[in-house]
1. Could you list which residues have their amide H under 5 Å from that of Ile26, counting only those 5 or more apart in sequence or on another chain, with H placed in the peptide plane?
2. When the chain is fully extended, how far beyond the present Cα-Cα distance does Val75 get from Ile26, taking 0.36 nm per residue of separation?
3. For all pairs of alpha-carbon atoms in the range 31-82, what percent lies in each bin of width 10 Å, listed from the first bin to the last filled one?
4. Run the quick spin-label model on Val41 and Leu68: label points 7 Å from Cα toward the beta carbon, then report their separation in nm to one decimal.
Amino acid sequence: MKKRAVVRKISSPWFSGFKGDSWGWIPLNWKGWIALAVLVVVNAFAANYFGINEISFYGWSKFLIVFLLSLFVFVELAKYKTKK
């Protein structure tokens, strides 16, 4: 007896793509806007905390790690919350 794969449908996707059938950066509801705002606030705080206005590789490298990690988490969340 074969088991069927469980496909989870998202009732209201958080983001939309330009073609409508893929994930994208366009927030569709308040949850998407909150996720986008959190991304901006986290990166603004990290930029201030690590002092990227100074010319130092140490500060820039730390900020770049936080920036790339937060961007990766945001993209994965957008993909997950947009799949149909």
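1. It is Ser16, by chain and number.
2. Numbers: separation 49, 0.36 × 49 = 17.64 nm, distance 1.18 nm.
Value of the extension gain: 16.5 nm.
3. Pair shares across the bins are 26, 45, 22, 6.
4. Modelled inter-label distance: 2.6 nm.
Just so you know, all these numbers are worked out from the coordinates, no wet-lab data involved. Every value quoted in this text rests on a predicted model; they were computed, and no experiment measured them. Don't worry about glycine lacking a Cβ; one is built from the backbone with ideal geometry, like all the others, and counts go over all protein chains shown.
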